[in-house]
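One structure below.
The values are calculated or read from the model by the stated rules, or taken from the named source; none is laboratory data. Quick caveat: nothing in here was measured; it's all calculated off a predicted structure. Glycine also receives a Cβ, built like all others from the backbone with ideal geometry; neighbour counts cover every protein chain displayed.
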Amino acid sequence: MTRDGFLLSGTLAMAVWFTGFTGWAQEIPAQKEDVALSNAAGKESTGDPAAEFALGLRYRKNGDYARAAEWYAPAAAQGLAPAQFELGYLYENGKGVQRDYERAIELYHSAAEQGHTTAANNLATMYDRGIGVTKSLPEAIRWYIASAKGGNPMGQCNLASAYYTGTGVVEDYAAAARWFRASAEQNFSPAERNLAAMYYKGQGVALDYDEAAKWMRRAAENGDSQAATEIGSLYEQGKGVRLDYSEAYMWYSVAAAGGDSRSIERMKSLANIMTAKQLRVAKQRAEAWKQNNDKMRPDGSMAESSLLNQ
């Protein structure tokens, strides 16, 4: 789960498997992975934590979480932070191993202490929710800050939401906007959507419909179905973009296909005032977009929209 919500809800959200160290794994030559796989037959450890981690990733990518855990374990025991993070995720979610929140926290903590920013974010969310540990907002904020300052877009988005809601820190819209922007600039769609909301409302930044539309469209193009509904609303209102019913209907259609039910009523209402030509163009655009883009994600759990309700 990610920090979610165009309405910027007051709860800190759980972390997703952000594959934050996939890049680290890619630094291991494919030949080394192949040699490790060959040498590891029938063994429980290769003695090389980098190779063990590579093997674990290979099994995880193939959906064999149990074997992945077997290879992450020796690498994690030797202090390899990416392996500790990956194994912690498996324990947190009960994939390939019996779910064990305390073990997950232990592994996340070890990785976070070494500067693993996604582990820091996940550890923060567990302190925030009191999962496997006594709930502690100070500890949650401590690790969100570590994650955010380390450049992790999830940690940045979570810290921004904490500043927005005043959860564990003093409410500070300007700080929220800065951290949402840092995350949004890394193409993290919940942050793009929330930054757009702040521009739309003039919170922490000067009210700017053009900026709101820019960031909302980016989030929609990144596959965020809620943002697709929001950018559709902006086109329907002509705020920050030209008024364009066909474009609005297109984005509502895309959002509906991604699971955002709010857009369905907007489509019905809009269809009543559109010409037959506008409707035909809108449906053609929507179909073309769906064919050329991955499936939309129903990011977040918000069932309402500040744009549609104002």
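Residues in the stretch 52-91 that are at pLDDT 95 or above, part of a helix (DSSP H, G or I) and among the acidic types (Asp, Glu) were compared, and the one that is farthest from ALA119 (Cα to Cα) is GLU70. Restricting attention to the stretch 163-203, the residues that are acidic (Asp, Glu) and over 18 Å from MET216 (Cα atoms) add up to 2.
Among the residues of this structure, ASP210 does not count as one that is among the acidic types (Asp, Glu), buried (at least 20 other Cβ atoms within 10 Å of the Cβ) and touching a residue at least 12 places away in the same chain (Cβ under 8 Å). Within the stretch 173-196, the set of residues being closer than 16 Å to ALA227 by Cβ and surrounded by 24 or more Cβ atoms within 10 Å (Cβ to Cβ) comprises PHE180, SER183, ALA184, PHE188, SER189, PRO190, ALA191, GLU192, ARG193, ASN194, LEU195, ALA196. Against the numbered list (1) farther than 12 Å from SER233 by Cα; (2) without any contact (Cβ under 8 Å) to a residue 40 or more places away in the chain, MET250 comes up short only at (1).
For the stretch 134-168, name all the residues that are part of a loop (DSSP other than H, G, I, E, B) and surrounded by fewer than 19 Cβ atoms within 10 Å (Cβ to Cβ). Of everything in the stretch 134-168, those that are part of a loop (DSSP other than H, G, I, E, B) and surrounded by fewer than 19 Cβ atoms within 10 Å (Cβ to Cβ) turn out to be THR134, LYS135, SER136, GLY150, GLY151, GLY166, THR167.
Residues being over 13 Å from LEU107 (Cα atoms), in contact with a helix residue (DSSP H, G or I) (Cβ under 7 Å, 6 or more places away or on another chain) and surrounded by fewer than 19 Cβ atoms within 10 Å (Cβ to Cβ) are represented in the stretch 59-81 by at least one member. The listed residues are LYS290, LYS277, and the only one of them that is touching a residue at least 12 places away in the same chain (Cβ under 8 Å), more than 30 Å from ALA148 (Cβ to Cβ) and of a type in the set (D, E, K, R) turns out to be LYS290. For the stretch 213-237, the tally of residues that are of a type in the set (Lys, Arg) and either surrounded by 24 or more Cβ atoms within 10 Å (Cβ to Cβ) or in contact with a His (Cβ under 7 Å, 6 or more places away or on another chain) (or both) stands at 0.
Residues in the stretch 169-203 that are over 12 Å from the mean Cα position of the chain (by Cα) and not in a helix (DSSP H, G or I): VAL169, VAL170, GLU171, ASP172, GLU185, GLY202, GLN203. Within the stretch 227-259, the set of residues being outside any helix (DSSP H, G or I) and either touching a Leu at 6+ places or on another chain (Cβ under 8 Å) or not hydrophobic (A, V, I, L, M, F, W, C) (or both) comprises GLY238, LYS239, GLY240, VAL241, ARG242, ASP244, GLY258, GLY259.
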